Amino acid sequence: AYQEVCPLRLGELWAIPIMLRLALLENLRRVVGSIASGRRDRERAAYWVDEMIRIATSEPGRLVLVLADMIEEGPPLTEAFVAELAARLQRQGAGLDLAVSWLEQRLADHGLTIEHVFHLASQSQAADQVSISNSIGSLRFLGVTDWRDFVEAMSQVEAVLSAEPEGVYRTMDFATRDRYRHAVEAIARRSPKSEREVAAAAVTLARDAGVHIGTFLIGRERKRLELAVQMRCSFGQHLSRAFERARPFVYGGAIASLTVLITLGLALLAPSAGHAAPPTGWLVLAVALVALCASQFAVALVHTAATLTVGPQLLPRLDFSEGIPPEHKTVVAVPTMLSDRQEIEAIVEKLEVRFLANRDPNLAFALLGDLRDAASETLVEDEALLAQASALVMALNEKHGPSFHLFVRARTWNPSGGVWMGRERKRGKLEDFNATLRGDPCFATVVGPFERLADTRYVIALDSDTSLPRDAARLLAATLGHPLNRPVFDPAVGRVTTGYGILQPRVGVSMASTLASRFARTFAGEPGIDPYTRAVSDVFQDLFDEGSFIGKGIYDIDVVRRAVADRFPDNRVLSHDLLEGAYARSGLVSDVILVEDFPAAHAAEVSRRARWIRGDWQIAAWLGRRARGPRAASTTRFLGCRAGRSSTTSAAAWSRSPS
């Protein structure tokens, strides 16, 4: 009703539950104060009655003096005092009739009687009891009420934004909608326009441009909205935007400057130590080593400063709380090796656990298997391993419904390694899986209802030891499906330029693995999932709106296939995740966490880091201005499958695969 005259701002709407709590607490304070005052009055009445009884028992003639002392004190004739005094006096019989007569006379002067005071005192106590009960009950009600629904129902800004032309706003989760509203609030605060007018201007601009309204509120076109509503930027905002335009130069310049300063400082301190100057060659080598160490220190300082000055920002997200829609159908793919029977059982069991934590009719689960490397195309134990894996996957489908799949490739000859193996290991499995989902079958063995994977849009790639916590799949799909996160591929540069083709969640360490050894307890860091932390700072995501892909995350199948098609040569790229994240543009979803094991032994950790370092050096060529392009004709392959694959992968093999 108030808003029929003057619309409430968002801050005022959010203040309503706070003000209601304050009013209830103030009422409690008033009632409790009244009760405390009445208690003091009753205690004073009890004191004077006790004095009268004591005197009446020992010296009856001095009772008048006690009554005179009480009258001289001038006690307040409140309901509590009078009721307590009268009740106690009346219980003592005729010995205190003088005091009773005085009290009746005083009350008569005010038009009251003792009976009337008793009645008023009882009414007051009952009213206080009801008021306290209602106040506490109301505070509990305010605590359990979802005020988000109230604010959205009452907000005129919400009503305007809900009418945006794309119709996406109402399908977003609350945190994203609230971020949009806060953007409107921030713009209106420094604009002559009201919040409703700012929201209407954003809707008009989005309708004219044919884009999602978030583009003008939190996206790259926000400047246009600010100009349209005559927003006046503060000095801090101008400084922040100047920094945003020069972020690469500021970031790189800060690291370079700190490195040079630290190196020069140490170099200038060296002669003062009193030793003879070393030969020039040794001096240059020493300075180079010092600069290398100083650069690491500089990077740490700059990253610390960046996380302190630039807060983490959650990526916008759709609301998939009721389930993943059919147009965002997703599959969880786990590339693995089928080495022995015990390992296969463990892998299938982990796949079931992931399903139990992420049940959804539009979410499927698939194992992408390779048989171990061999000197021949087939081994005797292959058939038994495939039969066991197929039986376990089909048992899961019988137990939980048609949600599980098994894809196993045939070995191909690798002339570089001199063995029969799965092409390009993990990268090859995912590439072949992408191609299979798009109608180019690449697997010799397929188990499960393949038709259920039709129109799959996203793939969540996990390692075999990576856990998928509750609802993590739904949140990842909801984030990648938001219009502001949808990837836009630029054919001119050959990569995704806006949005994200890949989203990388935060990766934590399982609590069980940290207990495996003293080494794990020392170096694993904080294990498990922190329920109190929503967003975590990441320097590259916070500064450049782009993160690093480490092989565990969700990606858009069509965009990734287009971005990395024929990009990487065979037997050459080990750290393919970083390159895929660069071409398909990777973003960090820091409020979604995956959990994996930490190496239990120092040797395992060293081996893992050695692989990372080796892979990083292998892709050093991509740091140049011209990255490696498509491979030569001798190694040309289709988008997903290599031509001339093992003859066991044929149309006949495909058609007779169990489903």
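The values are calculated or read from the model by the stated rules, or taken from the named source; none is laboratory data. Every value quoted in this text rests on a predicted model; they were computed, and no experiment measured them. Please note: Cβ atoms are built from the backbone with ideal geometry, for glycine as well, and neighbour counts cover all protein chains shown. What goes into the accessible areas is simple: the full protein's heavy atoms, side chains included, and nothing from ligands, DNA or RNA. Shrake-Rupley method; radii C 1.70, N 1.55, O 1.52, S 1.80 Å.
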May I ask you to say which residue of Leu67, Leu120, Leu85 is modelled with pLDDT of 85 or more and assigned to a helix (DSSP H, G or I)?
Leu120
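Does Arg177 fit the bill of being modelled with pLDDT of 85 or more and open to solvent by 80 Å² or more (accessible area, probe 1.4 Å)?
Answer is no for this residue.
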Arg232 vs. criteria of a type in the set (Lys, Arg) and open to solvent by 90 Å² or more (accessible area, probe 1.4 Å):
yes
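So, Ser240, is that one small (Gly, Ala, Ser), surrounded by 11 or more Cβ atoms within 10 Å (Cβ to Cβ), modelled with pLDDT under 85 and within 38 Å of the chain's Cα centre (by Cα) or not? First the steps, then the outcome.
Values: small (Gly, Ala, Ser): yes; surrounded by 11 or more Cβ atoms within 10 Å (Cβ to Cβ): yes; modelled with pLDDT under 85: yes; within 38 Å of the chain's Cα centre (by Cα): yes.
Against the criterion (small (Gly, Ala, Ser), surrounded by 11 or more Cβ atoms within 10 Å (Cβ to Cβ), modelled with pLDDT under 85 and within 38 Å of the chain's Cα centre (by Cα)), Ser240 qualifies.
Could we say that Leu368 is within 19 Å of Met421 (Cβ to Cβ), modelled with pLDDT of 95 or more and open to solvent by less than 30 Å² (accessible area, probe 1.4 Å) here? Walk me through how you get there before you give the answer.
Values: within 19 Å of Met421 (Cβ to Cβ): yes; modelled with pLDDT of 95 or more: yes; open to solvent by less than 30 Å² (accessible area, probe 1.4 Å): yes.
Against the criterion (within 19 Å of Met421 (Cβ to Cβ), modelled with pLDDT of 95 or more and open to solvent by less than 30 Å² (accessible area, probe 1.4 Å)), Leu368 qualifies.
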For the stretch 455-524, list the helices (runs of 4 or more DSSP H) that sit wholly inside it and hold at least 1 residues that are under 21 Å from the mean Cα position of the chain (by Cα); which are they?
472-480, 511-514
I'm checking my understanding of the structure. Among residues of the stretch 125-145 that are open to solvent by less than 60 Å² (accessible area, probe 1.4 Å) and without any contact (Cβ under 8 Å) to a residue 12 or more places away in the chain, which one is farthest from the chain's Cα centre (by Cα)?
Ala126
Evaluate the following for Leu77: is it over 30 Å from Asp146 (Cα atoms), open to solvent by 30 Å² or more (accessible area, probe 1.4 Å), without any contact (Cβ under 8 Å) to a residue 40 or more places away in the chain and not in a helix (DSSP H, G or I)?
yes
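Working carefully through the options Leu268, Leu225, find the one that is part of a helix (DSSP H, G or I), open to solvent by less than 40 Å² (accessible area, probe 1.4 Å) and free of Cβ contacts under 8 Å to residues at least 40 places away in the same chain.
Details: Leu268 fails: open to solvent by less than 40 Å² (accessible area, probe 1.4 Å).
When all the criteria are applied, what remains is Leu225.
Taking the stretch 531-579 only, how many residues are under 17 Å from Ala472 (Cβ atoms), among the hydroxyl-bearing types (Ser, Thr, Tyr) and open to solvent by 20 Å² or more (accessible area, probe 1.4 Å)?
The initial filter retains those residues of the stretch 531-579 that are under 17 Å from Ala472 (Cβ atoms), namely 531, 533-536, 547, 549-555.
With the extra rule that they be among the hydroxyl-bearing types (Ser, Thr, Tyr), the set shrinks to 533, 555.
Cutting the leftovers down to open to solvent by 20 Å² or more (accessible area, probe 1.4 Å) gives us 533.
Result for the stretch 531-579: 1.
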List, please: which pairs have Cβ atoms under 7 Å, are six or more places apart or on different chains, and start with a residue in the stretch 45-57 that is under 15 Å from Leu98 (Cα atoms) and end with one that is open to solvent by 50 Å² or more (accessible area, probe 1.4 Å)?
Val49/Arg88; Ile53/Gln92; Ile55/Arg62; Ala56/Gly95
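When you scan the stretch 412-427, do you find a residue that is under 25 Å from Leu363 (Cα atoms), under 36 Å from the mean Cα position of the chain (by Cα), open to solvent by less than 10 Å² (accessible area, probe 1.4 Å) and in contact (Cβ under 8 Å) with a residue 60 or more places away in the chain, even just one?
Let us first name the residues in the stretch 412-427 that are under 25 Å from Leu363 (Cα atoms), namely 425-427.
When the remaining residues are screened for being under 36 Å from the mean Cα position of the chain (by Cα), the result is 425-427.
Then drop every residue that is not open to solvent by less than 10 Å² (accessible area, probe 1.4 Å), which leaves 427.
Adding the requirement that they be in contact (Cβ under 8 Å) with a residue 60 or more places away in the chain leaves 427.
The answer is yes, given that some residue of the stretch 412-427 is under 25 Å from Leu363 (Cα atoms), under 36 Å from the mean Cα position of the chain (by Cα), open to solvent by less than 10 Å² (accessible area, probe 1.4 Å) and in contact (Cβ under 8 Å) with a residue 60 or more places away in the chain.
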The lone exception for Leu205 - which of (1) of a type in the set (A, V, I, L, M, F, W, C); (2) under 22 Å from Val488 (Cα atoms); (3) in a loop (DSSP other than H, G, I, E, B) it fails
(3)
Arg62: touching a helix residue (DSSP H, G or I) at 6+ places or on another chain (Cβ under 8 Å), open to solvent by 40 Å² or more (accessible area, probe 1.4 Å), part of a helix (DSSP H, G or I) and among the basic types (Lys, Arg), yes or no?
yes
Index of the failed condition, Tyr2 passing every other in (1) in contact with a helix residue (DSSP H, G or I) (Cβ under 7 Å, 6 or more places away or on another chain); (2) open to solvent by 80 Å² or more (accessible area, probe 1.4 Å); (3) within 30 Å of Gln156 (Cβ to Cβ):
(1)
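Here is a list: Thr456, Thr497, Thr479, Thr466. Which entry is hydroxyl-bearing (Ser, Thr, Tyr) and open to solvent by 10 Å² or more (accessible area, probe 1.4 Å)?
The conditions single out Thr497.
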Confirm whether Glu166 is acidic (Asp, Glu) and either open to solvent by 50 Å² or more (accessible area, probe 1.4 Å) or in a loop (DSSP other than H, G, I, E, B) (or both).
yes
How many residues are farther than 14 Å from Ser586 by Cβ and either of a type in the set (D, E, K, R) or modelled with pLDDT of 95 or more (or both) when one looks only at the stretch 487-505?
1
Which of the numbered conditions does Arg148 fail, given that it passes all the others? Conditions: (1) out of contact with any helix residue (DSSP H, G or I) (no Cβ under 7 Å at 6 or more places or on another chain); (2) open to solvent by 50 Å² or more (accessible area, probe 1.4 Å).
(1)
Considering only the stretch 592-614, I want to know if a residue exists there that is of a type outside the set (D, E, K, R), modelled with pLDDT of 90 or more and within 20 Å of His482 (Cα to Cα).
yes
Only residues that are open to solvent by less than 30 Å² (accessible area, probe 1.4 Å), among the β-branched types (Val, Ile, Thr) and in a helix (DSSP H, G or I): list them for the stretch 284-341, please.
Val302
